[in-house]
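A short write-up of the structure that comes next.
The values are calculated or read from the model by the stated rules, or taken from the named source; none is laboratory data. Treat the numbers as computed from the prediction; the structure is a model and nothing was measured. Virtual Cβ from ideal backbone geometry, glycine too; neighbours counted across all protein chains shown. These area figures cover heavy atoms from the full protein model, side chains too; ligands, DNA and RNA do not enter into them. Shrake-Rupley method; radii C 1.70, N 1.55, O 1.52, S 1.80 Å.
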Amino acid sequence: MSLKSEGPLAIVLAAGVGRRLGPSHSGPKMLLDMGGRTLLRRRLDALAAAGVRDVSITVGHEAQAIRAAVADYGYADRVSFVENPRYGEGSLLSLQAQAEALRAGRDVLVMDGDVLHDRRMIDRLLETAVEAVLLVDPELEPGDEPVKVCFRGDVIVDFRKVPEHAHDRHGESVGFFRFAPAAARDLADRLDELAALKPKLEYEEAIRDLILRDPTRFIARDVGDLPWTEIDFEEDVAKARRDILPALESV
């Protein structure tokens, strides 16, 4: 891995197959076209605009297509790649593959790849100087699919699709985080521990464990005023193109 500067490093998770998009889609989700630019191009452009010069992408399914796209976009000098050969087993291994980056002694952004979002979300991650930041939308999609950020007062007390701890309100995690160096190292350690025990977990379980261990390290930034959507299913693609893209283009 080539890490070129001492500013924040962005880790983008883009190794999955995207089976839930159905037979109408093939290839990595980050190469979905959104208004003439792929999700990948939009993410790299947004990070560059926010001053984040180094990006490390976890790849797996059709990794060469991601690599070729990055080169075509002119970002080859800013982007490194980490292979996760076990990408079909869950996202925990895709983030654990980035242990070197998490232990590099830098602020680290951790970002799901399958999100269409307003670029100001990255600013919200960067402008808050604490140990760990996550983005939350108070408007929660129904069902068990969204990862919930659960609060008692202003303290995060759970972080899971199906929470276990009592809380008085919750919102939806965007899947975007920032960790200061010590918190990033602790995350890498917990990922290693879980990978040895339960490798098919999702990476959010490692973050949840850190939250439950010491919730005072984490704050949540509200992004309910900004357009975004996660893309898991065919209907999410339609929503992104119908509702989110026009809002992004008006900013």
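It is to be established whether one or more residues within the stretch 171-183 are of a type in the set (Gly, Ala, Ser) and under 22 Å from Ala14 (Cα atoms).
Yes, the stretch 171-183 contains at least one residue that is of a type in the set (Gly, Ala, Ser) and under 22 Å from Ala14 (Cα atoms).
Go through the stretch 71-95 residue by residue and tally those that are more than 25 Å from Leu201 (Cα to Cα) and either part of a helix (DSSP H, G or I) or without any contact (Cβ under 8 Å) to a residue 40 or more places away in the chain (or both).
Of the residues in that region, 7 qualify.
Within the stretch 223-239, can you find the residues that are open to solvent by less than 30 Å² (accessible area, probe 1.4 Å) and at pLDDT 95 or above?
Those that are open to solvent by less than 30 Å² (accessible area, probe 1.4 Å) and at pLDDT 95 or above: Val223, Leu226, Pro227, Trp228, Thr229.
Table: residues versus (1) at pLDDT below 95; (2) more than 15 Å from the chain's Cα centre (by Cα); (3) surrounded by 23 or more Cβ atoms within 10 Å (Cβ to Cβ).
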site	(1), (2), (3)
Arg19	yes, yes, no
Gly22	yes, yes, no
Ser26	yes, yes, no
Arg37	no, yes, no
Asp45	no, yes, no
Thr58	no, no, yes
His61	yes, yes, no
Gln64	no, yes, no
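Quick one: would you say Val115 is hydrophobic (A, V, I, L, M, F, W, C), in contact with a Phe, Trp or Tyr (Cβ under 8 Å, 6 or more places away or on another chain), open to solvent by 10 Å² or more (accessible area, probe 1.4 Å) and farther than 16 Å from Phe179 by Cβ?
It is false that Val115 is hydrophobic (A, V, I, L, M, F, W, C), in contact with a Phe, Trp or Tyr (Cβ under 8 Å, 6 or more places away or on another chain), open to solvent by 10 Å² or more (accessible area, probe 1.4 Å) and farther than 16 Å from Phe179 by Cβ.
Quick check on the stretch 71-105: of everything there that is open to solvent by 10 Å² or more (accessible area, probe 1.4 Å) and closer than 19 Å to Ala180 by Cβ, which residue is nearest to the chain's Cα centre (by Cα)?
Among them, the one singled out is Ala99.
Are any residues in the stretch 207-222 surrounded by 14 or more Cβ atoms within 10 Å (Cβ to Cβ) and touching a Gly at 6+ places or on another chain (Cβ under 8 Å), and if so, which ones?
Hit for the stretch 207-222 is Ala220, nothing else.
For Ala68, all conditions in the list (1) surrounded by fewer than 23 Cβ atoms within 10 Å (Cβ to Cβ); (2) among the small types (Gly, Ala, Ser); (3) in contact (Cβ under 8 Å) with a residue 24 or more places away in the chain; (4) not in a loop (DSSP other than H, G, I, E, B) hold save one; what is the number of the exception?
Every listed condition holds for Ala68 apart from (3).
Just to be sure, is Asp192 of a type outside the set (A, V, I, L, M) and farther than 21 Å from Ala14 by Cα?
No.
What single numbered condition from (1) open to solvent by 10 Å² or more (accessible area, probe 1.4 Å); (2) within 19 Å of the chain's Cα centre (by Cα) fails to hold for Ala166?
Result: Ala166 passes all but (2).
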